[in-house]
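Down below is the structure, laid out as structure tokens.
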Amino acid sequence: MTRFKLLEASQIELATQLMQEFYAIDHYPMDPDVTKTLFEAFINNEQLGRIWLIYSNEEVVGYVMLNFLFSFEFQGRIAFMDELYLKESARGKGLGQQAVHFIKEQAKLLGVKLIYLEVENHNEKAQKLYLANDFVTHHRKLLKHKLD
């Protein structure tokens, strides 16, 4: 049985470990101490978004994160599905499909008008998952500028 539970302060260490596993896949830099502080700030301010741990048969096997933004173009709250991570042992079992369905349901309940996400070009399995769940390739390019 799969279930989703909001991250609690007592689980920040676990969430940080899961994020370290996720970031290691693509060699993203990560400072665990900073991440723990960010998790604490995030879960203490519901205006920022939500993080849910993903459970399969009472074992935590991943997490999914929805971050909120405000858009005049879309007339209200939109969200960025910032991260969806499943442990390798949990992949290929339909849990990603369940997580996307769950996020879409939660987004509606939270008044979200649109969900954005990004996926690595090499991650074809994730791309197939999202496309099969009515996400479409955006016609705009996502650019970034990192401030010092």
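The values are calculated or read from the model by the stated rules, or taken from the named source; none is laboratory data. Here the structure is a predicted model, which means the values were calculated and not measured. In this analysis, Cβ positions are derived from the backbone assuming ideal geometry, glycine residues included, and neighbour counts consider all displayed protein chains. Side chains included, ligands, DNA and RNA excluded: accessible areas come from the protein's heavy atoms. Shrake-Rupley method; radii C 1.70, N 1.55, O 1.52, S 1.80 Å.
A few comments on the model shown:
- The string of couplings for segment 86-93 from the Karplus curve (6.51, -1.76, 1.60, θ = phi - 60°) is 10, 4, 3, 5, 9, 7, x, 10 Hz, one whole number per residue in order, with x for Gly and Pro.
- The chain - charge dipole about Cα centre, Lys and Arg +1 at Cβ, Asp and Glu -1, debye rounded to 20: 620 debye
- The residues of the chain expose on average 68 square angstrom of accessible surface per residue, using a 1.4 Å probe on protein heavy atoms.
- Of the residues T2, L95, F135, the one whose Cα sits farthest toward the positive end of the charge dipole of the chain, with +1 on the Cβ of Lys and Arg and -1 on the Cβ of Asp and Glu, is F135.
- 25 Å Cα-Cα threshold exceeded, pairs from K36/K93; K108/K146; K104/K141; K87/K125; K125/K146; K93/K146: K36/K93; K108/K146; K125/K146; K93/K146
- Rounded, prolate or oblate (a/c below 1.5 giving rounded, otherwise prolate when a/b exceeds b/c) for the chain by Cα gyration tensor: rounded
- Sequentially through segment 18-31, phi angles give Karplus couplings (6.51, -1.76, 1.60; θ = phi - 60°) of 4, 5, 4, 4, 5, 5, 5, 4, 10, 6, 6, x, 7, 10 Hz, Gly and Pro residues having no value and appearing as x.
- Here the simple spin-label model places points 7 Å from the Cα toward Cβ, and for K93 and R140 these points are separated by 3.8 nm.
- Amide H partners (placed H, <5 Å) of I78, local residues excluded: L69, F70, S71, K113
- Rolling a 1.4 angstrom probe over segment 1-97 with all protein chains present gives an accessible area of which 52% lies on carbon and sulfur atoms.
- Taking a ≥ b ≥ c as the square roots of the Cα gyration tensor eigenvalues, segment 14-57 comes out oblate, since a/c reaches at least 1.5 and a/b does not exceed b/c.
- Two-site FRET efficiency, M30 against E59, from Cβ-Cβ distance with R₀ of 30 Å, rounded to 0.05: 0.85
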